[in-house]
Amino acid sequence: MSFSLARFDAIFKKEFMHIFRDPFTIMFSMLLPLIIVIILGNSVEFNLNEISTVVVDHDKTPESRKLIETFSSSNYFKIYLEDSPKKAFDEIVKENAKVELFVPCGFGKDISDGKSPKVQLLLDGADNSSVAAIMNYIGMISSLAVTKIAGHERQETPLFKIKERFLFNPELNSKWFTIPGLGAVIIAIVAILLTTLTICREWEQGSMELLMSSPVQSSELILGKIAPYAILSGVGFFIVYLGARILFKVPMVGSHIILFSATFLFILNYLGIGLFISVTTKSQQLAIQKALMVGLMPTAMLSGFIFPIEYMPPALRCLTTIFPARWYVEIARNAFLQGSSFEDLSFNFTILFGQLILIVTVAILKFKRSLG
């Protein structure tokens, strides 16, 4: 018996009717992507601003005030004063401040005498991810403070001057880096969880057996059931795309065809994973656990969405190649920010297509075996 579009359409419409009768599914697939874009888009920030800084000024001279003003006039440090070093240190212990700046007595006099006074800076090293950025800021502000206090630029002329220019993301905006990868997280949530839970619920309720006893072929049943979730996943991605372009002004310098083609392949990969999980477990509780372990956690942690893959240990870097999210996030970022051609991204597309063939083939064979 050949593939019938009429039977496929009947399963497709049945699944869509089931979706529209379930307010949770609609809310989950439509509102959740928007909520994730707004929350993660505004909360993930690698550039530090308004670093809480407690200052103890025992010198109280024009020179010390100029030093403190240089810190406070930048957007990097949020300054407040304390009387004693002990109180300032307690502020760091209580995590009210990240940095303590202590200006000792004689600071201004030493500068007037041509000496090089020392200023103490204490940093909270518990959060070591922020220390390097803070030290970079301090280096820039120190140079500016020297110029302000001296009233002129230093006389020593460097042999050469390096002028930086940042490509693809001139403002070093963290949101431009993270938001393109959000599409992978949204697709993982919608494609894996909804597909897995829906099919597992039918196994548990016994309705799958009724479908099996009908004239519908397994291919028509599989495609009819996963097609609506492919559309919902696509809608979820489109919400992320609109949020990136409208809310966070992420530029789109590459090809929309490349981005949407990669998204289509990625959606099919994750629908195949969801189908495989639902067939192997047939239990909603186990399905949720497997979906989190196989889909959501690797997508968030091992795709380069937040943590750059090139800085991971070699073993972990090899592990990331197994997951489709790693290759898709690279394409998505490239499409938004760099604009490479299809030829430049052909390796990623080849891996995604190969993984799709493998995942969908295994899932369909397992599903057919379960039906038989």
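Over all directions, the projected convex hull of the C-alpha atoms in the chain averages 24.7 nm² in area.
Among 83, 113, 124, whose mean-square fluctuation peaks in a Gaussian network model of the chain (Cα, cutoff 10 Å)? So, out of 83, 113, 124, the one fluctuating most is 113.
In summary, the lysines within cross-link reach of residue 118, defined as a Cα separation below 16 angstrom excluding same-chain residues under 8 places away, comprise 60, 66, 109. Here the stretch 51-150 was treated as a single set of alpha-carbon atoms; its pair distances binned every 10 Å from 0 give 15, 50, 30, 4 percent. Note on 101, 210: ascending count of other Cβ atoms within 10 Å places them as 210, 101, the fewest first. Past 31 Å, Cα to Cα: identify those pairs from 13/175; 87/175; 13/290, in the order given. Flagged as over cut-off: 13/175; 87/175.
Can you give me the Cα centroid spacing of the stretch 129-143 and the stretch 48-99 in angstrom? Result: 14 Å between the Cα centres.
Bear in mind these aren't lab numbers, they're just calculated from the coordinates by the rules spelled out. Worth saying up front: this structure is predicted, and the values here are computed from it rather than measured. Neighbour counts are summed over all protein chains in view; Cβ atoms, including those assigned to glycine, are modelled from backbone coordinates with ideal geometry.
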